[in-house]
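Worksheet for the structure shown next.
Bear in mind that the values in this text are calculations on the coordinates, not laboratory data. Fair warning: this is a prediction, and the values are worked out from it, not measured in the lab. Counting neighbours? That spans all protein chains shown, and the Cβs are built from the backbone with ideal geometry, glycine included.
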There are 2 protein chains.
Amino acid sequence: MRPEELPEIRHLHLFRDMSHANFEALMASSYAQNFPQGLEMIRQGDPADFLHIVLEGSVELFARWGGRECTMAVLRPVSTFILAASIRDAPYLMSARTLERTRIILIPSSDLRAMFRRDSEFSVSVINELASCYRSVVRNAKTLKLRNSRERVASYLLRQSLLAGGAPSYVLPVEKRLLASYLGMTAENLSRTLRALEDDGLKMDGARVIITDRAKLSALAQPDKLIDGPEMDSNENGSGLPISSR
Amino acid sequence: MRPEELPEIRHLHLFRDMSHANFEALMASSYAQNFPQGLEMIRQGDPADFLHIVLEGSVELFARWGGRECTMAVLRPVSTFILAASIRDAPYLMSARTLERTRIILIPSSDLRAMFRRDSEFSVSVINELASCYRSVVRNAKTLKLRNSRERVASYLLRQSLLAGGAPSYVLPVEKRLLASYLGMTAENLSRTLRALEDDGLKMDGARVIITDRAKLSALAQPDKLIDGPEMDSNENGSGLPISSR
DNA sequence: GAAAAAACTTGATCCAGATCAAGATTAAAA
DNA sequence: TTTTAATCTTGATCTGGATCAAGTTTTTTC
């Protein structure tokens, strides 16, 4: 692990409150690994031996069942993932693959578990992190059950715009194919939906999103604090396509 | 709060490992309340001032958006709910209403937060509980995104059968109307789907489920450990219709 | 126990979104 | 660059599940 990487990790909510010594100890048992693009580094069902941290690149969390597959989240630096499984010492519920060349830190789950038993500051951080992640997934489930696909698309685009500082124009952070799967629809249907939204204040130019009439788009998306956030605690994000580091 | 109730609460994973004194302290600041049937005791968006525990009766967690509404979980004694919101000191993401006359214990969130900062045994329990809940919701999201409604119904029925000790026949623990909403479908469609499953090893008699050909039904449901459980740790359940106490 | 109000079922119809099938773009590889 | 392989778009069609509309059964209330 490179020395300049430590502060980046330390800066995460999960680690910023623990003692220096304990942080060092945890990092000492961890190691970095570089993965090429498109590598399935975690297979659902495998034992969760490591907590993962993306340092560079990006990672897709996805789930498989039968022959089907769907995107559950995309993670970008710097964020942790697969925390709950590491803690429960249980099998991964999701698989993970790199979307590009990606650098990952691996923290042995057993060290992690030992650490929060020892460091009560850290255990509080773990609690907060897990609670945030939980709320993220609940939000996600709400969107899936309460909104139709057009509403999911519109609210996603508005949320992204907020994350881009309220900018009326920005570039999609992921391929449309992937976004479609994340939003629970087919790529074809996303394409059509984006086109249809041109009557409602949206313009697409390739991967560029241009919000031409925010009021109109909002009327359709009906963004809701209890689904789309933001969560008060600035940039937690738990796990959502909502890109951004946490 | 009645004295005979304390052991029931103490028995929950969340509380069984903390010191006697701390448990007593937490209970001292808590109080019980009885709600009539059909009362909306929690409204999404309200500040999460209390951790709730169902002692008697049953509670539906549901979400609203726009005019729509959907069931997210049903809780039965003895289980806690709305833990993550209490911890984050954040607004409830879901509403809750009683399905019958229900007795609830309310633990002030601030006391809860103070306690896990003080009692490290307790903080470990909170971590485990949250991690379990998280995994439950992820499972739920997987079912919603990967299975169609017939598959969700079939796998739900098989899961319930397992919870009933593998019995080939049991009574649905909730109204069909509610089950339908939980499974992300309309009541009409659930009705038709149950009927259609008669070709696949299922027989309904009112609220009674009779699995006439488990192999056939399983072939259709393709039950999966990573979606349908069980989670190793015996009866966690986080939040799912899967009834059962935790 | 009768009346009223739910929950449930069944049928007819409709529609959002999936699937199938080509093209059109864009990106990656040679 | 040229070639090759993705992703993305668009159109045509199909279908799972929603919606609408009665009935029927069960539960609740008086």
A:Leu99, A:Leu75 arranged by Cβ crowding within 10 Å, fewest neighbours leading
A:Leu99, A:Leu75
Report the GluC sites (Glu not before Pro) located in the range A:89-149 that are in a DSSP loop and have at most 14 other Cβ atoms inside 10 Å of their Cβ, or state none.
A:Glu100
Can you tell me the orientation of helix B:109-118 relative to chain B, as the angle in degrees between its alpha-carbon axis and the longest Cα principal axis, to the nearest 10?
70 degrees
Among B:His11, B:His52, which comes first, then next, by fewest other beta-carbon atoms within 10 Å?
B:His11, B:His52
Shortest first and in nm, the label-point separations between A:Pro36 and its counterparts in the other identical copies (7 Å out along Cα→Cβ) come to 6.9
What is the extension gain from B:Gln222 to B:Ala167, computed as 0.36 nm multiplied by their sequence separation minus the C-alpha to C-alpha distance, in nm to one decimal?
18.0 nm
Fewest first, what order do A:Asp111, B:Asp17 take by the number of other Cβ atoms within 10 Å?
B:Asp17, A:Asp111
Just the number, please: Stokes-Einstein D of the protein assembly as shown in µm²/s, Kirkwood Rh from C-alpha pairs, 4 °C, 1.567 mPa s.
55 µm²/s
Taking the range B:150-211, which GluC sites (Glu not before Pro) meet the DSSP loop condition and have no more than 16 other C-beta atoms within 10 Å?
B:Glu175
Here are some pairs, A:Lys142/B:Lys145; A:Lys225/B:Lys145; A:Lys203/A:Lys225; A:Lys145/A:Lys225; A:Lys145/B:Lys145; which of them have Cα atoms lying more than 18 Å apart in this structure?
A:Lys225/B:Lys145; A:Lys203/A:Lys225
Say we join alpha carbon atoms closer than 10 Å with springs in a Gaussian network model of chain B; which of B:Gly57, B:Gly206, B:Gly45 then has the biggest fluctuation?
B:Gly206
For B:Glu8, which inter-copy label distances result when the label point lies 7 Å beyond Cα on the Cα-to-Cβ vector, reported in nm to one decimal and in ascending order?
5.2
Only loop residues by DSSP count here, and only those with at most 10 other Cβ atoms within 10 Å; note down the GluC sites (Glu not before Pro) in the range A:1-50 that meet that.
A:Glu4
B:Asp49 versus B:Glu121, label points 7 Å from Cα toward the beta carbon: distance in nm?
3.1 nm
Quick one: Cα centre-to-centre distance for the range A:168-200 and the range A:1-76, in angstrom?
27 Å
Note the angle between two axes, namely the Cα long axis of helix A:149-163 and the longest principal axis of the Cα atoms of chain A, as a number of degrees from 0 to 90, rounded to the nearest 10.
60 degrees
Given R₀ = 60 Å, FRET efficiency for A:Arg10-B:Ile210 by Cβ-Cβ distance, to 0.05?
0.55
Which of the aspartates and glutamates could a cross-linker bridge to A:Lys216, judged by Cα under 20 Å and excluding same-chain residues fewer than eight apart?
A:Glu151, A:Glu198, A:Asp199, A:Asp200, A:Asp205, A:Asp224, A:Asp228
With contacts defined as alpha carbon pairs under 8 Å and 6 or more residues apart, what's the relative contact order of the range B:5-142 in percent?
34 percent
Label points for A:Met204 built 7 Å along Cα→Cβ; distances to same position in the other copies, nm, shortest first, come to 3.9
Residues whose built amide H sits under 5 Å from the amide H of A:Phe50, excluding neighbours closer than 5 in sequence, are A:Ser109
